[in-house]
Amino acid sequence: MNQQKFNLENFKKLKKGDKDSFDLLYEEYYLILYRTALLILGNKEDAEDVLQDSFISIYKNIINLKEFNKLRPWIFSILKNSCYTRYKNRKREFPDEFILEKADSKLISSGEDEFVLNNEVESALLKLNPKEREVLVLFYYDDFSIEEIAKILKTFKGTVKSRLFRARKNLKKEIMKVDQDFGEKESIYE
């Protein structure tokens with residue numbers, strides 16, 4: 001795996017169609033985009049499909065992006081739109097029990113991004129509505145600021161703050177339900 005970071009020079013080359021620059025962008029963003037799609041959609045196959053669609057869209061539309069410093073939010077906007085499209089299509093195709101299908105309980109990658117999803121939090125997260133789940137994932141898993149999330153979602157900072165507040169509240173309720181479902185005596189919030 002190439003250790004070089006995608007930079008302004010690579011951005012300019014990519015806008016001219018350079019495939020090596022695209023490979024570098026792919027290597028840098030694959031894992032974080034996959035994790036985000038998996039957390040939003042809750043399904044490994046859908047996350048992989050959305051990722052492929054997103055990278056195709058990135059490659060085709062990078063020419064339209066003017067500023068390098070807007071690359072990361074722009075990429076996540078593309079992923080968000082692909083996730084929404086997939087979620088809407090899946091909702092029409094499958095009953096609700098498939099929509100809330102759990103992601104793999106352990107997702108392991110190499111390097112700094114190695115992580116394991118907690119089953120309890122994961123189960124609760126997948127029960128939230130997509131907008132709440134999305135804002136939590138972008139804020140806590142992808143480390144975007146409120147302002148960056150507002151740009152990605154094309155909404156106001158106040159809207160992001162209120163969604164985040166509601167999402168935290170609803171996640172806490174869902175975790176407590178999961179605790180009760182598993183017969184645990186104490187919630188992680190007590």
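The values are calculated or read from the model by the stated rules, or taken from the named source; none is laboratory data. This one's a predicted model, so the numbers in the text were calculated from it and none came from an experiment. Cβ placement follows ideal geometry from the backbone for every residue including glycine, while neighbour counts extend to all protein chains displayed.
Observations, loosely collected:
- Residue identified as of a type in the set (Phe, Trp, Tyr), buried (at least 19 other Cβ atoms within 10 Å of the Cβ) and modelled with pLDDT of 85 or more among 139, 68: 139
- None of 40, 32 is touching an Asp or Glu at 6+ places or on another chain (Cβ under 6 Å), closer than 30 Å to residue 131 by Cα and either among the charged types (D, E, K, R) or in the same structural domain as residue 88 (by TED's automatic domain parsing) (or both) except 40.
- Inspection of segment 168-183 finds a residue satisfying the criterion of being farther than 23 Å from residue 81 by Cα, modelled with pLDDT of 85 or more, touching an Asp or Glu at 6+ places or on another chain (Cβ under 7 Å) and of a type outside the set (Ser, Thr, Tyr).
- Residues within segment 12-63 that are outside any helix (DSSP H, G or I) and either β-branched (Val, Ile, Thr) or under 20 Å from the mean Cα position of the chain (by Cα) (or both), tallied: 2
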